[in-house]
Amino acid sequence: MKLTISRESLLTPLQSIAGVVEKKQTMPVLSNVLLEAEDNTLTLTGTNMEVELVGRVTPVHVDQPGRITVPARKLADICRALGDEAPIDLAQEGDRLHVRAGNSHFTLSTLPAEHFPNVEDEPESFRLELPQKELGRMLDATAFAMAQQDVRYYLNGLLLEVDAGHVRTVATDGHRLALAHFDMETGCQEPRQVIVPRKGILELARLLDDDESPVTLVIGDNHLRATVGSYTFTSKLIEGKFPDYNRVIPRGGDKVVLADRATLKNTLQRAGILSHENIRGVRLNLKPGQLEVFANNPDQEQAEDALPVDYQGESLQIGFNVGYLIDVMNALSDAQVKVTLSNPNSSALIEAENDNGCMYVVMPMRL
């Protein structure tokens, strides 16, 4: 393999693919990026066996086509350290890849391309195209609520649901739930649900731009594939049954509170400083026109704060994990937030005052 490429053309996909490649691998080839040069195109592939990212660069001056794998992070670090002035020459000689740019010359070890695992192709069962901006919005609005290393493995990912008129993303760790939806005609005859693992969601979100250009999703039985510009992203799916999120969403709450989102967030952050560092509990005391926030910890330290709210109902005391409430405030962008409560033992439903397609459920705590 022998080719010439500009630094920027090589560095951009390399940085994206290096994010997929895990630092510590059981198989050495999984620390490498697969380079394939052919027909004035360089294709780069990285995988950790759970997710795969393929980037294509064109046009590239290919003197000699070929396939080889090289250490992903080392090649990315070399490209990052080089200047923009000179083009980069990549040349395979035996089991080494020579990287030359100007007066700089690096020799990298390689492993045969045949050792590199491929995500198996499977027949697609459903294809969907939607704006990158909308998919990115839904992922940003819900991904924070995914579980991390929960024994209930189906919670360590995000539910993607498609029906005839909606696309939804849902995440929960058993203590809180985040849901976002986008209304569109999908052409989906029967509702489909797939669970995308945490790593896949985080890498997919990085690829998306905040514009109307399309992302194509192909949903199979075992994989989700997304095509974004010159990138093709594939993730294995988590097998299992996601909880029925509709049963978790509280209905019929009679205490509706309207508050300024930024003021509420700042109040919670201040009180959270003196909450118990493990359980992070705060007590909310709701009364007409005012919400009081209390926190204390085992060192007998305590915080008291309050903010004006639009509320005229009965008084209520209820406890929550302050971190969960702050996460929701960060996920919402509207100036006003609506919190619906019913009693001290029922979950809170939190939404933007003007429906933005997102809703959040936070379970209460006993303090």
Go through the residues of segment 226-234 one by one and say whether even a single one is over 19 Å from Glu134 (Cβ atoms) and open to solvent by 70 Å² or more (accessible area, probe 1.4 Å). no
When segment 46-57 is checked residue by residue, the ones that are open to solvent by 10 Å² or more (accessible area, probe 1.4 Å) and either at pLDDT 95 or above or assigned to a helix (DSSP H, G or I) (or both) are Glu52, Val54, Arg56, Val57
Those residues of segment 132-160 which are among the basic types (Lys, Arg) and either open to solvent by less than 10 Å² (accessible area, probe 1.4 Å) or outside any helix (DSSP H, G or I) (or both), in sequence order: Arg152
Got a number for residues in segment 318-345 being crowded, with 17+ Cβ neighbours inside 10 Å, among the hydroxyl-bearing types (Ser, Thr, Tyr) and not in a strand (DSSP E or B)? 2
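Here is a yes/no grid of residues against (1) open to solvent by 30 Å² or more (accessible area, probe 1.4 Å); (2) outside any strand (DSSP E or B):
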| site | (1), (2) |
| --- | --- |
| Pro59 | yes, yes |
| Asp63 | yes, no |
| Arg67 | yes, no |
| Val70 | no, no |
| Lys74 | yes, yes |
| Ile78 | no, yes |
| Leu90 | no, no |
| Arg100 | yes, no |
Which pairs turn up if I take residues in segment 225-244 that are more than 16 Å from Gly46 (Cβ to Cβ) and look for partners that are open to solvent by less than 60 Å² (accessible area, probe 1.4 Å) and part of a loop (DSSP other than H, G, I, E, B) with beta carbon separation below 9 Å, at least 6 apart in sequence or on another chain? Gly229/Ser213; Leu237/Gly220; Ile238/Asn156; Pro243/Gly174
Residue that is farthest from the chain's Cα centre (by Cα) [pool: residues in segment 353-367 that are under 22 Å from Asp183 (Cα atoms) and crowded, with 19+ Cβ neighbours inside 10 Å]: Val361
Selected residue (criterion: nearest to Ser315 (Cα to Cα)) from residues of segment 221-249 that are in a loop (DSSP other than H, G, I, E, B) and either polar (S, T, N, Q) or over 26 Å from the mean Cα position of the chain (by Cα) (or both): Asn222
Quick check on my filter: what residues within segment 260-286 are open to solvent by 60 Å² or more (accessible area, probe 1.4 Å) and of a type in the set (Lys, Arg)? Arg270, Arg280, Arg283
Quick check on segment 278-301: of everything there that is basic (Lys, Arg) and closer than 15 Å to Arg366 by Cβ, which residue is farthest from the chain's Cα centre (by Cα)? Arg283
Selection from segment 110-131 of residues that are closer than 15 Å to Gly220 by Cα, assigned to a loop (DSSP other than H, G, I, E, B) and open to solvent by 100 Å² or more (accessible area, probe 1.4 Å): Glu120, Asp121, Pro123
Say we look at segment 161-178 and pick out the residues that are open to solvent by less than 10 Å² (accessible area, probe 1.4 Å) and touching a residue at least 40 places away in the same chain (Cβ under 8 Å); which of these is farthest from Ile350 (Cα to Cα)? Val162
Tell me, yes or no, whether segment 191-199 has at least one residue that is free of Cβ contacts under 8 Å to residues at least 40 places away in the same chain and not small (Gly, Ala, Ser). yes
Of the residues that sit in segment 297-312 and are open to solvent by less than 20 Å² (accessible area, probe 1.4 Å) and assigned to a strand (DSSP E or B), which one is farthest from Lys255 (Cα to Cα)? Ala303
Given the structure, is Val218 more than 27 Å from the chain's Cα centre (by Cα), in a strand (DSSP E or B) and of a type in the set (A, V, I, L, M, F, W, C)? no
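The values are calculated or read from the model by the stated rules, or taken from the named source; none is laboratory data. Given the structure is predicted, the values throughout are model-derived calculations rather than measurements. Counting neighbours? That spans all protein chains shown, and the Cβs are built from the backbone with ideal geometry, glycine included. Remember, those area values only see protein heavy atoms, side chains included, never the ligands or the DNA or RNA. Shrake-Rupley method; radii C 1.70, N 1.55, O 1.52, S 1.80 Å.
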